[in-house]
Structure formats: C-alpha cells, structure tokens
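K.L.:
Quick one: this structure, given as structure tokens, is what I'll be asking you about.
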Amino acid sequence: MNLTLSTDIDGTSTRLTVTGDLDYESTPALVSAASDVLAATTAVSDLRLDFAGLTFCDSAGLSGLLLVHRKTSAAGVQLHLDHRPAQLQRLLDITGVLEHLTTRPSREAASESRSV
C-alpha cells in the first residue's frame, strides 16, 4: 500500500490517497498516517481518504477504518471515504458501517472525549 498526503490550500481539509491493498500488513500505516495528521494540527476539519487506487480491502482494513473513525470523531473531524471502488463499497454495505464512518461528529462528543 502507498499513502500520499495533501492538504487543501485553506488548511482545513487533508487528503490521504490510498493505493494498493488495505490489509493486515498495511492497515497500521493508514491508522498511523491519520493519527499523525490529527496530531499535527487542530485546524483540520475534514479528513478525506481517497480510495480511487485501492485494489483490495479485508477485515483488517475495515477495522483500520473504524479506528480512524474513532480518532477523527474524538478530534471533531469529519471523515470522508472518497472514490470508493465497488469491492470496498460492497464491504461497507454488507457490514453496514458506511453511515457510521461518515457521520459528522458532534462537537459535544468531541469535547467530551478530549476531556476524558
């Protein structure tokens, strides 16, 4: 798996482009990259994961996406799953987690998780 990081000009949206397989071996790199983005700045309001180049995603990859969601929600950052290939869309549909992953976090929930 390869990851490419880019930040929009206004600095509030960051895109991580994921290419290759998202599996047991590569998922920690995605989670780590997302964590680094969230730790680097408080100005980010949107984290966009671009999956146009994704070739495979297994249960470990799905677990990693849930971890990224937990981290973005705690930071009050909206997670977006852009350009989902059919096989990722099917995995998200079967497991029913797409809406959970992309629901905008409430400011109250983000505040509470930071104070714990």
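The values are calculated or read from the model by the stated rules, or taken from the named source; none is laboratory data. All figures in this text were calculated on a predicted structure; none of them were measured in a lab. In this analysis, Cβ positions are derived from the backbone assuming ideal geometry, glycine residues included, and neighbour counts consider all displayed protein chains.
K.L.:
In the list D46, D82, D23, D50, which residue meets the criterion of being acidic (D, E) and over 11 Å from the mean Cα position of the chain (by Cα)?
P.N.:
Working: D46 fails: over 11 Å from the mean Cα position of the chain (by Cα); D82 fails: over 11 Å from the mean Cα position of the chain (by Cα); D50 fails: over 11 Å from the mean Cα position of the chain (by Cα).
Checking each option against the conditions leaves just D23.
K.L.:
Taking L81 as meeting all but one of (1) at pLDDT below 95; (2) crowded, with 16+ Cβ neighbours inside 10 Å; (3) in a strand (DSSP E or B), write down the number of the exception.
P.N.:
So the condition that L81 fails would be (1).
K.L.:
Looking at D50, D46, D36, which is the one that is over 21 Å from E99 (Cβ atoms), among the acidic types (D, E) and either modelled with pLDDT under 95 or out of contact with any helix residue (DSSP H, G or I) (no Cβ under 7 Å at 6 or more places or on another chain) (or both)? Show your work before the answer.
P.N.:
On the way: D50 fails: over 21 Å from E99 (Cβ atoms); D46 fails: over 21 Å from E99 (Cβ atoms).
The match here is D36.
K.L.:
Here's another thing I want to ask about it. Any residue in the stretch 8-26 that's touching a residue at least 12 places away in the same chain (Cβ under 8 Å) and small (G, A, S): show its pairings with residues that are assigned to a strand (DSSP E or B) and exposed (fewer than 13 other Cβ atoms within 10 Å of the Cβ) at Cβ separation under 6 Å, as long as the two are six or more apart or on different chains.
P.N.:
G20/N2
K.L.:
Another question, if that's okay. Take the conditions part of a strand (DSSP E or B), under 20 Å from L101 (Cα atoms), without any contact (Cβ under 8 Å) to a residue 40 or more places away in the chain and not hydroxyl-bearing (S, T, Y) and apply them to L3. Does it pass?
P.N.:
Values: part of a strand (DSSP E or B): yes; under 20 Å from L101 (Cα atoms): yes; without any contact (Cβ under 8 Å) to a residue 40 or more places away in the chain: yes; not hydroxyl-bearing (S, T, Y): yes.
Yes.
K.L.:
Looking at R104 and the list (1) more than 16 Å from M1 (Cβ to Cβ); (2) surrounded by fewer than 17 Cβ atoms within 10 Å (Cβ to Cβ); (3) in contact (Cβ under 8 Å) with a residue 24 or more places away in the chain; (4) within 10 Å of the chain's Cα centre (by Cα), which single condition is not satisfied?
P.N.:
(4)
K.L.:
Continuing with the same structure: Cβ-Cβ below 6 Å, separation at least six or inter-chain, first residue in the stretch 63-82 and of a type in the set (D, E, K, R), second buried (at least 16 other Cβ atoms within 10 Å of the Cβ): which pairs?
P.N.:
Final answer for the pair search is K71/L38; D82/R48; D82/D50.
K.L.:
Would you pick out the residues in the stretch 27-50 that are crowded, with 20+ Cβ neighbours inside 10 Å and within 15 Å of L3 (Cβ to Cβ)? Lay out the reasoning, then the answer.
P.N.:
First pass over the stretch 27-50, keeping only residues crowded, with 20+ Cβ neighbours inside 10 Å: 27, 30, 34, 37, 44, 47, 49.
Within the stretch 27-50, T27, L30, A34, V37, L47, L49 meet the criteria.
K.L.:
Looking at the stretch 38-46, can you tell me whether even one residue there is within 18 Å of L67 (Cβ to Cβ) and assigned to a loop (DSSP other than H, G, I, E, B)?
P.N.:
yes
K.L.:
Can you tell me which residue among D10, D50, D23, D36 is among the acidic types (D, E) and touching a Cys at 6+ places or on another chain (Cβ under 9 Å)? Steps first, answer last, please.
P.N.:
Values: D10 fails: touching a Cys at 6+ places or on another chain (Cβ under 9 Å); D50 fails: touching a Cys at 6+ places or on another chain (Cβ under 9 Å); D36 fails: touching a Cys at 6+ places or on another chain (Cβ under 9 Å).
None of the other options fit; the residue is D23.
K.L.:
Within the stretch 51-70, which residues are closer than 19 Å to R104 by Cβ, in contact with a His (Cβ under 9 Å, 6 or more places away or on another chain) and surrounded by 19 or more Cβ atoms within 10 Å (Cβ to Cβ)? So that I can check it myself, show each step before the final result.
P.N.:
Going residue by residue through the stretch 51-70, those that are closer than 19 Å to R104 by Cβ are 65-70.
From the residues that got through so far, the ones that are in contact with a His (Cβ under 9 Å, 6 or more places away or on another chain) too are 66, 69.
H69, the sole residue that qualifies.
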